[in-house]
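Asker: Here's a structure for you.
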Amino acid sequence: MKIVVIGGTGLIGSKLVNKLREHGHEAAAAAPNTGVNTLTGDGLAEVLKGASVAVDVSNSPSWEDAAVLKFFETSTRNLLTYEAAAGVGHHVALSVVGTDQLAESGYFRAKIAQEKLIKESSIPYSIVRATQFFEFIKGLAEISMVGDKVHLPHVLFQPMAADDVASAVGRIAVGPPVNGIVEIGGPEQFRVDELVRRRLASLKDSREVIADPNALYSGAKLSERTLVPGNNAQLGETRFEIWLTQSAAQIPGAHPQTHVA
């Protein structure tokens, strides 16, 4: 099966391409650095030729509200148009657990718009909403600085390893379209502030983490369970402590929703 991975050179995309190839599929990594630009449409017709599935794990290079909305709307419209012309039978997109409850955030308004375009398209689809990634817990500290301290809400979340994200997306991509949303998450629940504190300690980072009930998450107020998947979620296997021991080669901190580069 030919599967095109949009954002195929990023954190999740590169892992996904490797996993699909290991399972005998023809996986094409599509990204600006491989000559495919979803904003302009350049290279899309060529890369989608003969593809059964297109998986979108791309992300906006800018976090400014208008720019991120323009990215997801333009990119998704172009993708769906070119997929329809190429006869692609399954569109898979990576989104975020809690997206529909986070409309105060410009980033999540853009993800809501992306999901809406996919649902309204004629192409069968699967939207995969993932929880936070272990790889970006340090990045969450970076964007939550108030003065010299990290302010985070003391709410539940269920983060997962990027490797498990790629495995789950790959499984869904080679299966039948669900024409709905699949949630994926990690095997354990934590408090956001507590886990960021543990992650910084593991990096010998001395910044103080404050549990702040008024702290925002990407600009949105969280309730206790906004970031926790429902009971039917597919859970990854990698526990946080195991990931910590494996992650000696650190990934630089990034925006917490940078699902892919």
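The values are calculated or read from the model by the stated rules, or taken from the named source; none is laboratory data. All values derive from a computational prediction rather than experimental measurement. Heads up, the Cβs are rebuilt from the backbone with ideal geometry, glycines too, and the neighbour counts pull from every protein chain shown. We work out accessible area using only protein heavy atoms, side chains counted, and drop any ligands, DNA or RNA first. Shrake-Rupley method; radii C 1.70, N 1.55, O 1.52, S 1.80 Å.
Asker: Given a cut-off of 15 Å, what percent of all Cα-Cα pairs of the range 10-90 lie beyond it?
Answerer: Of the Cα pairs, 59 percent sit more than 15 Å apart.
Asker: Right, here's the next one. Counting Lys +1, Arg +1, Asp -1, Glu -1, what net charge surrounds Gln234 among other residues with beta carbon under 9 Å of its beta carbon?
Answerer: Net charge in that neighbourhood comes out at 0.
Asker: Right, here's the next one. Find out how many positive minus negative residues lie around Ile12, taking Lys and Arg as positive, Asp and Glu as negative, among other residues whose Cβ is under 12 Å from that of Ile12.
Answerer: Counting the neighbours of Ile12, the net charge comes to -2.
Asker: Give me the net charge of Ala162's neighbourhood, meaning all other residues with Cβ under 14 Å from the Cβ of Ala162; Lys, Arg count +1, Asp, Glu -1.
Answerer: Cβ neighbours under 14 Å give a net charge of -1.
Asker: Continuing with the same structure: If I take every Cα pair under 8 Å that is 6 or more residues apart in the range 1-82, average their sequence separation and divide by the length, what percent do I get for the relative contact order?
Answerer: Value for the range 1-82: 35 percent.
Asker: May I pose another question? Please report, as a whole percent, how much of the solvent-accessible surface of the chain comes from carbon and sulfur atoms (probe radius 1.4 Å).
Answerer: Of all accessible area on the chain, carbon and sulfur atoms account for 52 percent.
Asker: Let me ask something else about it. How big is the charge dipole of the chain about its Cα centre, in debye rounded to the nearest 20, if each Lys and Arg gets +1 on its Cβ and each Asp and Glu gets -1 on its Cβ?
Answerer: Computed charge dipole of the chain: roughly 180 debye.
Asker: While we're on this one: Taking only the Cα atoms of the range 106-261, how large is their convex hull per residue, in Å³?
Answerer: Spread over its residues, the Cα hull of the range 106-261 gives 118 Å³ apiece.
Asker: On a straight-distance basis, which lysines could pair with Lys204 in a cross-link, Cα separation under 21 angstrom, same-chain partners fewer than 8 positions away excluded?
Answerer: The reachable lysines, counting only those whose Cα sits under 21 Å from Lys204, are Lys138, Lys149.
Asker: Can you name the helices of the chain, as whole DSSP H runs, whose Cα span along the helix axis is 27 Å or more and whose Kyte-Doolittle mean is not below 0.0?
Answerer: Long hydrophobic helices here: 65-86.
Asker: Whole number please: convex hull volume per residue, Cα atoms of the range 128-209, in Å³.
Answerer: In the range 128-209, the Cα convex hull volume per residue is 95 Å³.
Asker: Protein chains only, probe 1.4 Å: how do His154, His25 rank by accessible area, largest first?
Answerer: His154, His25
Asker: Cα to Cα, under 20 Å, and not fewer than 8 places away if on the same chain: which lysines meet these conditions relative to Lys111?
Answerer: Leaving aside lysines fewer than 8 places away in the same chain, those within reach of Lys111 are Lys70, Lys119, Lys221.
Asker: Over the heavy atoms of Ile210, what accessible area does a 1.4 Å probe trace out, to the nearest 10 Å²?
Answerer: 40 Å²
Asker: Let me ask another. Normalised by the number of residues in the chain, what is the relative contact order in percent for Cα pairs under 8 Å and 6+ residues apart?
Answerer: 22 percent
Asker: On to the next question. Just to confirm my numbers, what's the Cα centroid distance between the range 69-135 and the range 2-52 in Å?
Answerer: 16 Å
Asker: Please tell me the relative contact order of the range 42-115 in percent, rounded to the nearest whole number, where contacts are Cα pairs under 8 Å and at least six residues apart.
Answerer: RCO, the range 42-115: 42 percent.
Asker: At 20 °C and 1.002 mPa s, grab the translational diffusion coefficient of the chain from Stokes-Einstein with a Kirkwood Rh over Cα pairs, rounded to a whole number in µm² per second.
Answerer: So the translational diffusion coefficient is about 116 µm²/s.
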